[in-house]
Amino acid sequence: MAKTATRDAYGKALAQLGAENEQVVVLDADLSGSTKTAAFAKEFPRRFFNLGIAEADLIGTAAGLAAAGKIPFASTFAVFAAGRAYDQIRASVAYPKLNVKIAATHAGLTVGEDGATHQMNEDIALMRALPNMTVVVPADGPEAGAATLAVARHQGPVYLRLGRPAVPDIHGEDYAFDLFKAPVLREGGDVAIFACGYMVHLALEAAAQLEKQGISAAVVNVHTIKPLDKETVLRYARRCGRVIAAEEHSIIGGLGSAIAEVLGEEQPTHMVRIGVRDTFGESGKPAELLEKYGLTAEAIVQAARKLMQ
Amino acid sequence: MEEYANLRSIAARLRRHIISMVAAANSGHPGGSLSAVEILTTLYFKLMKLDVSQPRWNQRDIFVLSKGHASPVYYAALAERGFFSPEELLSFRKINSRLQGHPDRENIPGVDMTTGSLGQGLSAANGMALAAKLDGQEQRWVYVLLGDGELQEGQVWEAVMTAAHYHLDNCIAFVDWNGLQIDGEVSQVMNTSPLKEKFAAFNWHVQEIDGHDFAQIIAAVETAKAAKGRPSAIIARTIKGKGVSFMENQAGWHGRAPGQEQAQQALKELEVE
Ligand SMILES: Cc1ncc(C[n+]2csc(CCOP(=O)(O)OP(=O)(O)O)c2C)c(N)n1
Ligand SMILES: [Mg+2]
């Protein structure tokens, strides 16, 4: 299976967008090589603004560009966007509903060797709590590219969460991305696995293993955490009666929490959350970290078996 | 002097609105509103290109009140300029009012940027100035008003760098240099001086003026517009609480509403103009 990093697909889609839409502008904070905005910068230098190592100003400037009718994509690492510039996102983007696309790369543990300071496991929680914010977590390259184009068409603030490592391409070239609909990647009747981002391909792996053990698992790719596709979540929770949420993020406040909130109010269902268990990360290879922090296909399999007992 | 009689009488009206609004709400920020009256009066009644029937007209000049707590002077200027009825001013800070404690661009006609969390307005102004440049609108000006205490925010200096780096000569920043913030004198809380030298060192064009003198404000803006290739800072010496004897130069009147009697006295003092 071909592999693509979601940030690479974002960079490519951005360059395509630049050619299609004059109003698209891109901002970065001295990380354009890593966030992959460099391709856009090279092709459209007039519409690219490097703000230097100044994330508050990055978000604030993007807000001003949006207020003047531009469609700004502001990129830096997730920890510096959602973390460092939280109040700027809150007061200058979300509250005034400005059309800023915050495309944050290097989210989660898979940042790897840079360690805890750079591994942002709380951004979904922070961004999801903001009124007016749409939160999108693509699972693979094709979805990240499609999501980039889709959020550009969507009016309003968006947080697009992207990753560092290459992930298997789950979706084909013909994938019809709907920003507000969670695609069902695999049907199943015993347990529903809701996953986002890096965990989606692992959920598919887990479902394949579970099948061999006689457990039928559905896999739903919840790429948009907010607004959540409640209808699909409830349908699969009802159908399976057991659910797992899997995310490369803290178990506090992310996808698992969003699903638990809906189920708790409308369809109480036995549930297991797979995610970073309220701790900071550390340096290591992405695969080693995922193993150590329990973000693996095996962990999902174990969770499903536990639910089946 | 007669030349500015009209601006002077508008300024007096804005001051009376500020007192009435803050008194009616029993909440709000009179000190830093009163210090900025002449600056907003000059911008809204003399300098800015606007169309009140189209608040988002894409050729208009822009104003960002970075020190968003001075919303009373902002709303008073917008109302007097015709963006909404001055009668609405008394709904300031009340439940279900459009006139939120801090400016809200979504709901208040004429407000160009939502502010209130200090330190963010210059970044937004820069973004709007960049957009005007991209759109080839050379005759569109973006004004921003910062507080002297607000300059303690690091983001301001990020944005000061950005404006110079991108040669935003369409961006004109006023500093309301009233010397006071909440906890007392700016020089005591966290000194921001020397301002002129700081802005100059960041490659800005800088002027220092009397922020209550219409002629100086107008001249400074004209000079700023002629400074090609560089953003302009106009450091305006002002008196916090200007026009109300018991509020002048008193940090305590930063965010406190006058009682009924105090409001009556203030309104009386402001009548003579
Ligand atoms: C980020 C942020 N921190 C704190 C405050 C609370 N606050 C409101 S006004 C103010 C003092 C502002 O002083 P200055 O900028 O000098 O304004 P002025 O004297 O013109 O009123 C403070 C600390 C705020 N609004 N935003
Ligand atoms: Mg002050």
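For chain B, the longest principal axis of the C-alpha atoms and the axis of helix B:5-25 are separated by about 60°. Rounded, prolate or oblate: pick one for the range A:3-168, where a ≥ b ≥ c are the square roots of the eigenvalues of its C-alpha gyration tensor, a/c under 1.5 means rounded, and failing that, prolate if a/b is larger than b/c, else oblate. Rounded is the answer for the range A:3-168, as its axis ratio a/c remains below 1.5.
Report the rotationally averaged projected area of the range B:2-270 based on its alpha-carbon convex hull, in square nanometres.
On the way: hull surface 51.9 nm².
Computing the convex hull of the Cα atoms and averaging its projections yields 13.0 nm².
Using the Cβ-Cβ distance between B:GLN264 and A:ASP87 with R0 = 35 Å, the FRET efficiency computed as 1/(1 + (r/R0)^6) comes to roughly 0.35.
Computed about the Cα centre, the dipole magnitude for the range A:252-292 is approximately 180 debye when only Lys and Arg (+1) and Asp and Glu (-1) carry charge, each at its Cβ. Projecting label points 7 angstrom from Cα along Cα→Cβ for B:ALA227 and A:GLN309 puts them 7.2 nm apart. Taken residue by residue and averaged, Cβ atoms of other chains lying within 10 Å of the Cβ of B:114-123 number 6. Pairs of alpha carbons in the range A:224-308 separated by more than 23 Å make up 25% of all such pairs. Close amide H pairs (under 5 Å, H built 1.01 Å from N) link B:HIS167 with no residue at least 5 positions away or on another chain. Over chain A, the fraction of Cα-Cα pairs per 10 Å bin, rounded to whole percents and listed from the shortest bin up, is 7, 30, 36, 20, 6, 1, 0. Relative to the longest principal axis of the Cα atoms of chain B, helix B:214-226 runs at roughly 20 degrees.
Specify whether the C-alpha gyration tensor of the range B:171-273 places it in the rounded, prolate or oblate class, a ≥ b ≥ c being the square roots of the eigenvalues: rounded for a/c under 1.5, otherwise prolate if a/b is larger than b/c and oblate if not. Note, shape of the range B:171-273 comes out oblate. Cα centroid separation, the range A:219-260 to the range B:4-73: 49 Å.
Could you give the dipole magnitude of chain A about its Cα centre, charging the beta-carbon of Lys and Arg +1 and that of Asp and Glu -1, in debye to the nearest 20? Please list the in-between numbers first.
On the way: 31 positive and 35 negative charges, 82 e Å.
I would put it at about 400 debye.
Would you mind ranking B:SER91, B:SER53 so that the residue whose beta carbon has the fewest other beta carbons within 10 Å leads the list? Before the final figure, lay out the partial values.
Working: B:SER91 16, B:SER53 9.
By the 10 Å Cβ count, ascending, the order reads B:SER53, B:SER91.
To the nearest 20 debye, what is the magnitude of the charge dipole of the protein assembly as shown about its Cα centre, counting +1 on the Cβ of each Lys and Arg and -1 on the Cβ of each Asp and Glu?
On the way: 57 positive and 66 negative charges, 139 e Å.
With only Lys, Arg, Asp and Glu charged at Cβ, the dipole is about 660 debye.
Values of log10 I(q)/I(0) for the range B:133-211 across q = 0.27 Å⁻¹ run -1.46, by the Debye formula with one identical scatterer at each alpha carbon and no solvent.
Taking N as the residue count of the protein assembly as shown, its C-alpha radius of gyration divided by 2.2 N^0.38 Å amounts to 1.08.
Out of A:PHE177, A:PRO45, A:GLY64, whose Cα points farthest toward the positive end of the dipole of the protein assembly as shown (charges: +1 Lys, Arg; -1 Asp, Glu; placed on Cβ)? The listed residue farthest towards the positive side: A:PHE177. Compared with the dominant Cα axis of chain B, that is its longest principal axis, helix B:71-81 is turned about 90°.
Could you give the length gained by full extension between A:GLU187 and A:ILE252, i.e. 0.36 nm per residue of separation minus their alpha carbon distance, to one decimal place? Intermediate results must be reported in sequence, preceding the final value.
Values: separation 65, 0.36 × 65 = 23.40 nm, distance 2.74 nm.
Value of the extension gain: 20.7 nm.
Between B:ASP183 and B:LEU90, the contour length at 0.36 nm per residue exceeds the Cα-Cα span by 30.7 nm. Put a dot 7 Å past the Cα of B:ALA219, heading toward its Cβ, do the same for A:LYS212, and the two dots end up 8.6 nm apart. With the simple spin-label model, which puts each label point 7 Å out from Cα in the Cβ direction, the A:PHE180 to B:ALA200 separation comes to 5.7 nm. For B:GLU208 and B:ASN107, a Förster radius of 35 Å and the Cβ-Cβ distance give a FRET efficiency of 0.45, rounded to the nearest 0.05. The 3J(HN,Hα) values that the Karplus relation (6.51, -1.76, 1.60; θ = phi - 60°) gives for the range A:268-275 are, in residue order, x, 9, 5, 9, 10, 9, 9, x Hz. Gly and Pro appear as x. In chain B, the DSSP-assigned H stretches of four residues or longer account for a calculated mean residue ellipticity at 222 nm of -11000 deg cm²/dmol, using -39500 (n - 2.57) per stretch and the full residue count as denominator.
What's the exposure ranking of B:LEU122, A:LEU179, B:LEU270, going from fewest to most Cβ atoms within 10 Å?
Working: B:LEU122 33, A:LEU179 17, B:LEU270 20.
Least to most surrounded, the residues fall as A:LEU179, B:LEU270, B:LEU122.
Which of B:LYS133/B:LYS228; A:LYS101/A:LYS226; B:LYS46/B:LYS242 have a Cα-Cα distance over 19 Å? Before the final figure, lay out the partial values.
On the way: B:LYS133/B:LYS228 13 Å; A:LYS101/A:LYS226 14 Å; B:LYS46/B:LYS242 21 Å.
In this structure, B:LYS46/B:LYS242 exceed 19 Å between Cα atoms.
By the count of other C-beta atoms within 10 Å, a proxy for reagent exposure, B:ASP61, A:ASP28 are ordered fewest to most as B:ASP61, A:ASP28.
Any read-out appearing in this document is the output of simple, stated calculations on the displayed coordinates, not a laboratory observation. Just so you know, these numbers come straight off a predicted model, no measurement behind them. So basically every Cβ, Gly included, is an ideal-geometry build from the backbone, and we count neighbours across all protein chains shown.
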